[in-house]
Amino acid sequence: MKHKNKINNKPNKEQKKPEQHTTSVRTLNIISYAILLGIFLLSIYIRAIRPFKNAFINNIPAFAIDDAVMHMRLVENTIKFFPQRIFFDAYTRYPFGTHLHWGPLTDQLIAFFAIVAGLGNPSQDTINLVGMLFPAVFGALTVIPVFFIGKYL
């Protein structure tokens, strides 16, 4: 029995759903998300897996000079006093020290994930591994907001 409109006794067309249209949109969304996942995995491969063999030299982490070493020292300090981080570093501009002028978010995120990976008490190897993989994974994750910003625009 068809639902009739009370005014002109015609079938109500608003209740019919175009099933083919919703199916094609759903299929397009699945394909889009599969491509997004593929780009994310490719990005992880390029940023983390492929260069991983060069990350250690004689089992010593091969961090880049200066900035990476400084941030890893701040990460180690943050782990020791989690969630606080120092904002004055006595080792910079020795013997006077300087205030740290950049925010603590990256160092605290690395420290947090190292603590989680180390089950509350991370070893130095765990801290180094998380410190090496964090920028690669964080960089690979940028494809997700870029996708949604592009989809919105």
Check your understanding: Is it true that some residue in the stretch 68-91 is at pLDDT below 85 and assigned to a loop (DSSP other than H, G, I, E, B)?
Key -> yes
Practice item. For the stretch 92-102, name all the residues that are modelled with pLDDT under 90 and open to solvent by less than 50 Å² (accessible area, probe 1.4 Å). Key: THR92
Check your understanding: What residue, among those in the stretch 103-149 that are closer than 19 Å to LYS53 by Cβ and open to solvent by 70 Å² or more (accessible area, probe 1.4 Å), is nearest to the chain's Cα centre (by Cα)?
Key -> PRO135
Practice item. Would you please list the contacts, defined by Cβ atoms under 8 Å and residues six or more apart or on different chains, that run from a residue in the stretch 98-113 that is over 17 Å from PHE82 (Cβ atoms) and among the aliphatic types (A, V, I, L, M) to a residue that is in a helix (DSSP H, G or I) and open to solvent by 40 Å² or more (accessible area, probe 1.4 Å)? Key: none
Review point. Of all residues in the stretch 26-47 being of a type in the set (A, V, I, L, M) and surrounded by 11 or more Cβ atoms within 10 Å (Cβ to Cβ), which is farthest from VAL130 (Cα to Cα)?
Key: ILE35
Point to revise | Long-range neighbours under 7 Å by Cβ, at least six apart or interchain, first residue within 15 Å of PRO145 (Cβ to Cβ) within the stretch 31-49, second small (Gly, Ala, Ser) and surrounded by fewer than 16 Cβ atoms within 10 Å (Cβ to Cβ) | key: none
Exercise for review: Take the stretch 48-73 and flag every residue that is more than 14 Å from VAL130 (Cα to Cα) and surrounded by 13 or more Cβ atoms within 10 Å (Cβ to Cβ).
Suggested key: MET70
Check your understanding: Restricting the first residue to the stretch 73-96 and requiring it to be more than 17 Å from GLY120 (Cβ to Cβ), which pairs with a second residue that is among the small types (Gly, Ala, Ser) and in a loop (DSSP other than H, G, I, E, B) meet a Cβ separation below 8 Å and a spacing of at least six or different chains?
Key -> PHE88/GLY97; ASP89/GLY97; ALA90/GLY97; TYR91/GLY97
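The values are calculated or read from the model by the stated rules, or taken from the named source; none is laboratory data. What you see is a predicted model; the values in this text were computed from it and never measured. Cβ: placed from backbone, ideal geometry, glycine included. Neighbour counts: every protein chain shown. These accessible areas exclude ligands, DNA and RNA; they are computed on the full protein's heavy atoms, side chains included. Shrake-Rupley method; radii C 1.70, N 1.55, O 1.52, S 1.80 Å.
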